[in-house]
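Each value in this text was obtained by applying a stated rule to the coordinates, not by laboratory testing. Bear in mind the structure is a predicted one, so any value in this text is a computation, not a measurement. No Cβ is skipped: glycine too gets one built from the backbone with ideal geometry, and neighbour counts run over all protein chains shown.
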Amino acid sequence: MVYLKKDEDAAALQALEGAVKAKSDLGRAWWWLAQVRYRGHRNNEALSALREALRINPNDSNSWHALCMVYGRLGDRARIVQALSRLAS
C-alpha cells in the first residue's frame, strides 16, 4: 500500500473502504483496512474489519495477531488469550 508508506492514512482508508465495498471477499484488503483503522486509534472499527478478514480466512495468522494487538490496546486480556489460543492452534 503506497499510501501507508507515505503516511497518507486518509487516502489509504478511502481506497481500502472502496475496495472492500466493491469486492467484500478480499480478506487481505480487510486486514489492511484494520491496520489503517488501528493506526488511527479507531479500535472498534479495526475489530470489525479483522472479524471480516477472519470470516473470509479463519486461518490467517496476521489477522489473529492484529486482533491481539487491538484487544491489547483495549485492555481486554481475556480476548487476547482466546485469540492467542486460536493463533497457536
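Can you name every residue in the stretch 42-59 that is surrounded by fewer than 19 Cβ atoms within 10 Å (Cβ to Cβ) and either acidic (Asp, Glu) or free of Cβ contacts under 8 Å to residues at least 24 places away in the same chain (or both)? Across the stretch 42-59, the qualifying residues are Arg42, Asn44, Glu45, Ser48, Arg51, Arg55, Pro58, Asn59. The residue list Ala83, Ala29, Ala34, Ala78 contains one member that is of a type in the set (Gly, Ala, Ser), surrounded by 13 or more Cβ atoms within 10 Å (Cβ to Cβ) and more than 26 Å from Glu8 (Cβ to Cβ), which is Ala83.
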